[in-house]
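Here the structure comes first, spelled out in C-alpha coordinates, and everything after it is commentary.
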Amino acid sequence: MVDVNDGIAANEPTLNALVQYTKDLSFENPSAPRSLGPQQKPPNISIQVNVNARQIAEADYEVELLLEGAAGEGADTLFKFELNYAGIFRVLNIAQSDIQPVVMIECPRLLFPFARQIVAEAVRNGGFPPLYIDPIDFAGLYRQRMAQAAQAPSAQA
(Lines give C-alpha, C1' and ligand atoms only; values in the text may rest on other atoms or scores of the structure.)
Protein backbone atom coordinates (compact mmCIF):
# COMPACT_ATOMS: atom_id res chain seq x y z
CA MET A 1 0.00 0.00 0.00
CA VAL A 2 1.31 3.44 -0.92
CA ASP A 3 0.96 6.33 1.50
CA VAL A 4 0.20 9.50 -0.49
CA ASN A 5 2.04 11.52 2.17
CA ASP A 6 5.35 9.66 1.64
CA GLY A 7 8.07 12.14 0.86
CA ILE A 8 6.03 15.19 1.90
CA ALA A 9 7.60 16.96 4.85
CA ALA A 10 5.32 18.14 7.65
CA ASN A 11 6.01 21.76 6.72
CA GLU A 12 5.85 21.30 2.93
CA PRO A 13 3.59 23.88 1.20
CA THR A 14 0.35 22.20 0.13
CA LEU A 15 -2.84 23.13 -1.67
CA ASN A 16 -5.69 20.63 -1.47
CA ALA A 17 -9.12 20.78 -3.10
CA LEU A 18 -11.45 19.47 -0.42
CA VAL A 19 -14.68 19.72 -2.44
CA GLN A 20 -15.97 21.28 -5.67
CA TYR A 21 -19.59 22.15 -6.41
CA THR A 22 -22.00 24.10 -8.58
CA LYS A 23 -23.48 26.97 -6.56
CA ASP A 24 -25.64 28.32 -9.39
CA LEU A 25 -26.24 27.41 -13.02
CA SER A 26 -28.56 29.17 -15.43
CA PHE A 27 -29.07 28.56 -19.14
CA GLU A 28 -31.52 30.53 -21.25
CA ASN A 29 -32.62 29.88 -24.81
CA PRO A 30 -34.90 32.94 -25.20
CA SER A 31 -35.62 32.64 -28.93
CA ALA A 32 -36.25 28.90 -29.16
CA PRO A 33 -37.24 27.26 -31.41
CA ARG A 34 -36.28 29.96 -33.95
CA SER A 35 -32.73 30.13 -32.55
CA LEU A 36 -32.18 26.42 -33.18
CA GLY A 37 -32.47 26.73 -36.97
CA PRO A 38 -29.79 27.79 -39.46
CA GLN A 39 -28.35 31.25 -38.81
CA GLN A 40 -27.34 33.83 -41.44
CA LYS A 41 -24.03 34.54 -39.72
CA PRO A 42 -22.11 33.18 -36.75
CA PRO A 43 -23.20 34.76 -33.45
CA ASN A 44 -21.00 37.12 -31.47
CA ILE A 45 -20.02 35.18 -28.35
CA SER A 46 -19.12 37.13 -25.24
CA ILE A 47 -17.79 35.68 -22.00
CA GLN A 48 -17.08 37.37 -18.67
CA VAL A 49 -14.94 35.79 -15.96
CA ASN A 50 -14.69 36.69 -12.30
CA VAL A 51 -13.06 35.06 -9.29
CA ASN A 52 -14.09 35.63 -5.68
CA ALA A 53 -12.61 34.09 -2.55
CA ARG A 54 -13.29 34.16 1.15
CA GLN A 55 -11.61 32.55 4.10
CA ILE A 56 -13.95 30.14 5.91
CA ALA A 57 -11.53 28.59 8.42
CA GLU A 58 -7.93 29.07 9.49
CA ALA A 59 -6.50 27.32 6.42
CA ASP A 60 -9.64 26.87 4.26
CA TYR A 61 -10.89 29.15 1.50
CA GLU A 62 -14.01 29.07 -0.62
CA VAL A 63 -13.15 30.12 -4.17
CA GLU A 64 -15.88 30.95 -6.68
CA LEU A 65 -15.33 30.96 -10.42
CA LEU A 66 -18.09 32.94 -12.13
CA LEU A 67 -18.57 32.46 -15.87
CA GLU A 68 -21.22 34.43 -17.74
CA GLY A 69 -21.74 34.38 -21.47
CA ALA A 70 -24.06 34.90 -24.37
CA ALA A 71 -24.25 34.12 -28.07
CA GLY A 72 -25.86 36.89 -30.09
CA GLU A 73 -27.31 40.21 -28.94
CA GLY A 74 -30.72 41.68 -28.27
CA ALA A 75 -33.52 40.01 -30.25
CA ASP A 76 -30.90 37.83 -31.96
CA THR A 77 -29.70 36.24 -28.70
CA LEU A 78 -29.31 32.52 -29.20
CA PHE A 79 -28.44 31.63 -25.62
CA LYS A 80 -27.15 32.97 -22.31
CA PHE A 81 -25.52 31.18 -19.41
CA GLU A 82 -24.30 31.92 -15.92
CA LEU A 83 -22.27 29.51 -13.85
CA ASN A 84 -21.00 29.96 -10.31
CA TYR A 85 -18.68 27.00 -9.72
CA ALA A 86 -16.88 26.85 -6.39
CA GLY A 87 -14.49 24.84 -4.33
CA ILE A 88 -13.14 24.66 -0.81
CA PHE A 89 -9.35 24.65 -0.74
CA ARG A 90 -6.98 24.00 2.16
CA VAL A 91 -3.78 26.05 2.04
CA LEU A 92 -1.04 24.88 4.40
CA ASN A 93 2.52 26.06 5.04
CA ILE A 94 2.38 28.90 2.53
CA ALA A 95 3.73 32.31 3.50
CA GLN A 96 0.98 34.80 4.37
CA SER A 97 2.17 37.09 1.57
CA ASP A 98 1.72 34.27 -0.98
CA ILE A 99 -1.72 33.04 0.08
CA GLN A 100 -3.75 35.57 -1.92
CA PRO A 101 -1.99 34.79 -5.25
CA VAL A 102 -2.31 31.05 -4.61
CA VAL A 103 -6.01 31.35 -3.80
CA MET A 104 -6.82 33.76 -6.66
CA ILE A 105 -4.66 32.07 -9.36
CA GLU A 106 -4.08 28.40 -8.61
CA CYS A 107 -7.50 27.59 -7.14
CA PRO A 108 -9.53 28.90 -10.11
CA ARG A 109 -7.02 27.21 -12.43
CA LEU A 110 -7.96 23.91 -10.75
CA LEU A 111 -11.70 24.66 -10.96
CA PHE A 112 -11.71 25.83 -14.59
CA PRO A 113 -11.67 22.48 -16.47
CA PHE A 114 -14.74 21.32 -14.54
CA ALA A 115 -16.59 24.62 -15.02
CA ARG A 116 -15.70 24.58 -18.73
CA GLN A 117 -17.25 21.12 -19.11
CA ILE A 118 -20.43 22.17 -17.28
CA VAL A 119 -20.85 25.15 -19.65
CA ALA A 120 -20.18 22.99 -22.71
CA GLU A 121 -22.78 20.44 -21.64
CA ALA A 122 -25.38 23.11 -20.76
CA VAL A 123 -25.00 24.71 -24.19
CA ARG A 124 -25.16 21.30 -25.90
CA ASN A 125 -28.24 20.37 -23.86
CA GLY A 126 -29.79 23.65 -25.01
CA GLY A 127 -29.66 22.40 -28.60
CA PHE A 128 -26.43 24.05 -29.75
CA PRO A 129 -22.94 22.72 -30.43
CA PRO A 130 -20.97 22.59 -27.16
CA LEU A 131 -19.17 25.81 -26.26
CA TYR A 132 -15.64 25.07 -25.10
CA ILE A 133 -14.28 28.18 -23.43
CA ASP A 134 -10.65 28.92 -24.25
CA PRO A 135 -8.16 28.53 -21.38
CA ILE A 136 -8.06 31.54 -19.07
CA ASP A 137 -4.93 33.32 -17.85
CA PHE A 138 -5.79 33.58 -14.16
CA ALA A 139 -2.38 35.10 -13.36
CA GLY A 140 -3.13 37.88 -15.87
CA LEU A 141 -6.60 38.41 -14.36
CA TYR A 142 -5.04 38.61 -10.90
CA ARG A 143 -2.45 41.19 -12.04
CA GLN A 144 -5.20 43.22 -13.72
CA ARG A 145 -7.33 43.16 -10.57
CA MET A 146 -4.35 44.21 -8.41
CA ALA A 147 -3.55 47.07 -10.80
CA GLN A 148 -7.16 48.28 -10.65
CA ALA A 149 -7.14 48.08 -6.85
CA ALA A 150 -3.91 50.08 -6.72
CA GLN A 151 -5.43 52.80 -8.92
CA ALA A 152 -8.72 53.00 -7.00
CA PRO A 153 -7.37 55.01 -4.01
CA SER A 154 -5.60 57.48 -6.32
CA ALA A 155 -8.81 57.97 -8.32
CA GLN A 156 -10.68 58.90 -5.13
CA ALA A 157 -8.02 61.42 -4.03
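Being under 28 Å from Ser46 (Cβ atoms), under 10 Å from the mean Cα position of the chain (by Cα) and not aromatic (Phe, Trp, Tyr) is true for just one of Glu73, Glu106, Glu64, Glu82. Which residue is that? Write out each step before concluding.
On the way: Glu73 fails: under 10 Å from the mean Cα position of the chain (by Cα); Glu106 fails: under 10 Å from the mean Cα position of the chain (by Cα); Glu82 fails: under 10 Å from the mean Cα position of the chain (by Cα).
The match here is Glu64.
Considering region 26-39, and only residues there that are assigned to a loop (DSSP other than H, G, I, E, B) and over 14 Å from Glu73 (Cβ atoms), the residue that is nearest to the chain's Cα centre (by Cα) turns out to be Asn29. Do you know which of the residues in region 13-51 that are of a type in the set (Val, Ile, Thr) and surrounded by 13 or more Cβ atoms within 10 Å (Cβ to Cβ) is farthest from Ala95 (Cα to Cα)? Ranking the candidates gives Ile45 first. When the criteria are applied in full, Glu68 meets the requirement of being out of contact with any Phe, Trp or Tyr (no Cβ under 6 Å at 6 or more places or on another chain), closer than 30 Å to Pro33 by Cα and without any contact (Cβ under 8 Å) to a residue 24 or more places away in the chain. Against the definition (outside any loop (DSSP other than H, G, I, E, B), under 14 Å from the mean Cα position of the chain (by Cα), without any contact (Cβ under 8 Å) to a residue 12 or more places away in the chain and exposed (fewer than 15 other Cβ atoms within 10 Å of the Cβ)), how does Gln148 come out, yes or no? Against the criterion (outside any loop (DSSP other than H, G, I, E, B), under 14 Å from the mean Cα position of the chain (by Cα), without any contact (Cβ under 8 Å) to a residue 12 or more places away in the chain and exposed (fewer than 15 other Cβ atoms within 10 Å of the Cβ)), Gln148 does not qualify.
Just wondering, is there one or more residues in region 47-59 that are in contact with a Phe, Trp or Tyr (Cβ under 6 Å, 6 or more places away or on another chain), modelled with pLDDT of 85 or more and not in a loop (DSSP other than H, G, I, E, B)?
Residues of region 47-59 that are in contact with a Phe, Trp or Tyr (Cβ under 6 Å, 6 or more places away or on another chain), as a first pass: 53, 55.
If we keep only those that are modelled with pLDDT of 85 or more too, we end up with 53, 55.
Right, trim to not in a loop (DSSP other than H, G, I, E, B) and you get 53, 55.
Yes; the residues of region 47-59 include at least one that is in contact with a Phe, Trp or Tyr (Cβ under 6 Å, 6 or more places away or on another chain), modelled with pLDDT of 85 or more and not in a loop (DSSP other than H, G, I, E, B).
Would you say Arg109 is modelled with pLDDT under 95, in a helix (DSSP H, G or I) and surrounded by 13 or more Cβ atoms within 10 Å (Cβ to Cβ)?
On the way: modelled with pLDDT under 95: no; in a helix (DSSP H, G or I): yes; surrounded by 13 or more Cβ atoms within 10 Å (Cβ to Cβ): yes.
Judged against the criteria, Arg109 is not a match.
Could you tell me whether Pro101 is surrounded by fewer than 19 Cβ atoms within 10 Å (Cβ to Cβ), out of contact with any Ser or Thr (no Cβ under 9 Å at 6 or more places or on another chain) and of a type outside the set (D, E, K, R)? Spelling it out, Pro101 is indeed surrounded by fewer than 19 Cβ atoms within 10 Å (Cβ to Cβ), out of contact with any Ser or Thr (no Cβ under 9 Å at 6 or more places or on another chain) and of a type outside the set (D, E, K, R). If you go through region 130-145 and keep only what is of a type outside the set (Gly, Ala, Ser) and either surrounded by 13 or more Cβ atoms within 10 Å (Cβ to Cβ) or under 14 Å from Phe81 (Cα atoms) (or both), you end up with Pro130, Leu131, Tyr132, Ile133, Ile136, Asp137, Phe138, Leu141, Tyr142, Arg143, Arg145.
The values are calculated or read from the model by the stated rules, or taken from the named source; none is laboratory data. As the structure is a computational prediction, the values presented were derived from the model and not from experiment. In this analysis, Cβ positions are derived from the backbone assuming ideal geometry, glycine residues included, and neighbour counts consider all displayed protein chains.
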